[in-house]
Amino acid sequence: MTLTPEEKKKERKRLLAIRDSIPEATRAGAAQRILQVLREDPAFITCDHLLAYVATHSELNLNAVLEDALSAGKAVYLPRTADREMEFYRIRSMEDLVPGEYGILVPAGEERFDFSKGVHSLMLLPGVAYDKAGNRMGYGGGYYDRFLSTHPELTPFTIGVGYEQQQTEALPVEDTDIRPARLLLV
């Protein structure tokens, strides 16, 4: 599917409206289901480092997943952006978060994720929508695509997460888009 930039912007807005229309009770149930599903997922069970996000607006809330990973002794890293680039910084508790750009909670600390450690890692990606081929549509800033393009060794350990209602038939795909290794829609 090929769209002009203006058409893609309209499509993103339409898909965001679908996600925004998911009832709060459904969102809360999905937040619990994602934790239950991940607790049985070998990639989550065996990962030493979890790269994830703090939900904003109507994104799938991963707070229970983050708390579970922290209590299990996993090193948890969350994104912080600067100059159109994104890096992941460690948190040791949810109290390590402060308001950042766009009002999104970000890690206050400076311990950046180190790719040279060679440990098992897992990355949970947010999205506006996903298609049946596994493609992901983000917010249009390209942060995750740029991050993953500079760290291709992490791409096989990525999961696009969201609500079942976020899946659509097909999304516009560009050469710079990096598809998550798999999807987990609850």
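If you scan the stretch 140-186, which residues turn out to be over 17 Å from L62 (Cα atoms) and among the acidic types (D, E)?
Matches in the stretch 140-186: D145, E153, E169, E174, D175, D177.
Could you grab me the full set of residues in the stretch 24-53 that are under 24 Å from Y139 (Cα atoms), free of Cβ contacts under 8 Å to residues at least 40 places away in the same chain and either outside any helix (DSSP H, G or I) or in contact with a Gly (Cβ under 6 Å, 6 or more places away or on another chain) (or both)?
Passing the criteria: none in range.
Within the stretch 3-23, is there a residue that is under 17 Å from I104 (Cα atoms), at pLDDT below 95, touching an Asp or Glu at 6+ places or on another chain (Cβ under 9 Å) and in a loop (DSSP other than H, G, I, E, B)?
No.
Against the condition over 21 Å from D177 (Cβ atoms), surrounded by fewer than 16 Cβ atoms within 10 Å (Cβ to Cβ) and within 15 Å of the chain's Cα centre (by Cα), how does H57 come out, does it pass?
So H57 passes the test.
Out of the residues in the stretch 172-186 that are assigned to a loop (DSSP other than H, G, I, E, B), aliphatic (A, V, I, L, M) and at pLDDT 95 or above, which is farthest from L16 (Cα to Cα)?
A181
Among the residues of the stretch 146-160, is any buried (at least 23 other Cβ atoms within 10 Å of the Cβ), of a type outside the set (S, T, Y) and modelled with pLDDT of 95 or more?
yes
The values are calculated or read from the model by the stated rules, or taken from the named source; none is laboratory data. Only a predicted model underlies this, so the values are computations on that prediction, with no experimental measurement involved. With ideal geometry, Cβ positions are generated from the backbone for all residues, glycine too; neighbour counts draw on all protein chains shown.
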